[in-house]
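What follows is one structure encoded as structure tokens, with my remarks underneath.
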Amino acid sequence: MWNTDAYAYNKDTKYLYTSIPFFIGLKNEKAYGIFFDNTHRSYYEMASESDDYYYFYANGGQLTYYFAYGPEVGDVIDRYTELTGKMDVPAEWTLGLHQSKWGYTAEEIVDVAKTYREKEIPLDTMHFDIDYMDEYRVFTWDEKYKEALKELKSMPGFHAIAINDPAVKQDENYSIYNEGTQNDYWGKNPDGTPFIGPVWPGDSAFPDFSKEEVRDWWAKNHHVLLDKGIDGIWNDMNEPAVFIDGGK
């Protein structure tokens with residue numbers, strides 16, 4: 001159980017995205033769950049050494065785990081989510097059919113949506129990937145995609161989701177970067193200087209979301225998307241990710 005961003009996903013890529021150290025078991029037809037609350041590299045040995053037992057451990061940290069008794073699987077899930085948090089009931093359209101592809105031009109987004117309707121194939125939502133931004137600067141628009149969004153929303157029944165990357169281009173002519181720098185909002189290197197890493201827009205700074213004021217600032221900036229008709233946000237690159245092979 002260990003995850004890092006794997007730049008370019010080469011053939012040796014093993015660990016991707018997220019680990020959730022929680023599992024559900026059955027014993028005498030009764031369900032139970034165990035959540036291993038540890039941030040270090042951890043391991044699960046699930047009966048390959050013996051059919052009689054399993055064990056789990058980590059390379060460091062405290063031995064903290066939670067046992068959730070059922071007896072039904074649904075009861076286990078209820079207890080687990082009481083501990084980790086329950087999500088709100090999502091809007092119905094979010095559970096519908098979505099179309100997403102990296103590299104769509106503004107024209108293609110509209111054409112694809114129209115084609116679904118013409119062929120009477122159900123579709124609820126089109127996704128806008130990073131190309132809708134102005135040179136990949138978060139909270140900006142390329143005008144062509146802004147017009148595509150307007151045309152999409154004029155078609156009955158369509159919703160739109162826009163990607164959002166937590167990497168802010170290092171550009172002194174860019175208001176988001178200047179605000180973050182002036183207010184000391186960036187994640188830091190051990191020496192206290194802002195960490196700068198290459199991502200889609202080039203060298204970028206990364207908001208320190210452990211600070212409440214940074215979270216509030218980031219949330220407020222979403223009006224740039226929501227005011228134009230975006231219905232939902234696709235959070236991406238949240239590891240955070242940098243384009244350095246083998247980098248940390």
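The values are calculated or read from the model by the stated rules, or taken from the named source; none is laboratory data. Just so it is clear, the model here is predicted, and its values are computed rather than measured. Because the Cβ atoms are built from the backbone with ideal geometry, glycine has one as well, and the counts that use them run over all protein chains shown. For the accessible areas, the whole protein counts, side chains as well, though only heavy atoms, and no ligand, DNA or RNA atoms are used. Shrake-Rupley method; radii C 1.70, N 1.55, O 1.52, S 1.80 Å.
Some observations on this one:
- Here Lys101 meets the list (1) farther than 30 Å from Ala160 by Cα; (2) open to solvent by 70 Å² or more (accessible area, probe 1.4 Å) almost entirely, failing just condition (1).
- Enumeration of residues in the stretch 112-136 that are closer than 23 Å to Gln170 by Cβ, touching a residue at least 60 places away in the same chain (Cβ under 8 Å) and touching a helix residue (DSSP H, G or I) at 6+ places or on another chain (Cβ under 7 Å): Tyr136
- Among residues of the stretch 19-28, those that are surrounded by 15 or more Cβ atoms within 10 Å (Cβ to Cβ) and either touching a residue at least 40 places away in the same chain (Cβ under 8 Å) or on the phi > 0 side of the Ramachandran plot (or both), counted: 1
- The C-beta contact set for the stretch 168-185 (first residue closer than 18 Å to Glu212 by Cβ, second residue not aliphatic (A, V, I, L, M), distance under 7 angstrom, 6+ apart or interchain) comprises Gly180/Trp186; Gly180/Pro207; Tyr185/Pro207; Tyr185/Asp208; Tyr185/Trp217.
- Scope the stretch 29-84; condition open to solvent by 40 Å² or more (accessible area, probe 1.4 Å), farther than 21 Å from Met1 by Cα and not aliphatic (A, V, I, L, M); matching residues: Glu29, Lys30, Asp51, Asp52, Tyr69, Pro71, Glu72, Gly74, Asp75, Asp78, Arg79, Glu82
- Residues satisfying the stated conditions in the stretch 210-230, i.e. touching a residue at least 40 places away in the same chain (Cβ under 8 Å) and of a type outside the set (A, V, I, L, M): Trp218, Asn221, His222, Lys228, Gly229
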